[in-house]
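Structure record follows, encoded as structure tokens.
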Amino acid sequence: MTAVQLPELPRRLPVRRIRQILCLLPLLLVTVVAVEHRSVLADGFGHLRNAELPWLLAAAGATCLTWVAAALTRQGAVVEPLPKRRLLATQFAAGAANHLLPTGLGASAVNLRFMTVCGLPLARSSAALALYLLAESIGRLGLLAALLIAFPDALRFGTLLPEGAVGPLVVAVVAVLVGAAGMLACVRRLRTAVLSFLRTALCEARSVHRRPARALALWGGSLAFPALQAAGLAAVGRALGLPVPPAHMALAYLAATVAVALVPVPGGIGSVEAALIVALVAAGGPVAVATAVVLTYRIVTVWLPLVPGALTLGALVRLKVI
């Protein structure tokens, strides 16, 4: 009997090797983004030399507290207790992921994976993620509305919106809503999936709000998160001597971030800077100083935490936390 030599099948890539590649991927993406925005980085670091150190430290402290606020809100969106240290580390890593992928996909993917690893079913994890996003949006819009009522003349909206832009914007929003309603009405499978998800999300929201501690964490964190971000910008403005009241700077920040919320750019890089400069100028700041403030603010809140955040993300992948 003659033995027949079968052709050797290609080996599958080991899971360990895939995990090692995923650990290095965040650092590679950080390098690519940094090279693409090297001129912005050079200008931002140049402005740091002229800033008042105590106010810069205050901005850095506010940035660190945003991760605590995000962790608090994430915990408030689910009934089950999540491991506190891993939850906080995940928010730090999610911040880096958020600046490497468009429109918040990075942070959402990291947190969705974290919750499923913690034992929550995918449907409930998705519902908790949707509840978090809804609460954070309501908190941001609520703070913006409160500041607009308190300081109605803080911004010159004529400089924020080009002439004739309101009409096309309203038409676009209505068209999107009508299109979405039409798809739900015509596609039965999509309608069934959406209704099932809404039932799960409403059930999760009811469960959370039956527990006062969870509801307080959800809404307290969702208000604290944008407030701390705005406070960071106000601190940088004071560090560089921007002649705009801190409350007006906070209002400018909230208006700018709401305006660019739907722009599909990784971490809002580029679009956020432009919107913040326009908003600070609309609040009464000189263009040169407003530009310096925005570049310095983005250095403190985005670029300095980006490398340690990417390293944390890789470590969490390696430790199978996410």
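The values are calculated or read from the model by the stated rules, or taken from the named source; none is laboratory data. Predicted model only: the values in this text are computed from it and were never measured. Cβ atoms come from the backbone with ideal geometry, glycine included; neighbour counts cover every protein chain shown. Calculation scope for accessible area: heavy atoms of the full protein, side chains included, ligands and nucleic acids excluded. Shrake-Rupley method; radii C 1.70, N 1.55, O 1.52, S 1.80 Å.
The accessible area of Trp67, taken with all protein chains in place and a 1.4 Å probe, comes to roughly 60 Å².
Working out 0.36 nm times the residue gap between Val79 and Ala175, then minus their Cα-Cα distance, what length gain in nm do you get to one decimal? All intermediate terms of the calculation are to be shown ahead of the outcome.
Numbers: separation 96, 0.36 × 96 = 34.56 nm, distance 3.70 nm.
Length gained between Val79 and Ala175: 30.9 nm.
In the context of the full protein assembly, Arg191 retains an accessible surface of approximately 80 Å², using a probe radius of 1.4 Å and ignoring ligands and nucleic acids.
Summed over the residues of the range 183-237 and divided among them, the accessible surface reaches 59 Å² per residue at a probe radius of 1.4 Å.
Compute, for the range 189-259, the length of the dipole vector about the Cα centre, with Cβ point charges of +1 (Lys, Arg) and -1 (Asp, Glu) only. Units Debye, rounded to 20.
Numbers: 8 positive and 1 negative charges, 99 e Å.
Dipole magnitude for the range 189-259 comes out near 480 debye.
Against the criterion of solvent-accessible heavy-atom surface with a 1.4 angstrom probe, His99, His209 sort, most first, into His209, His99.
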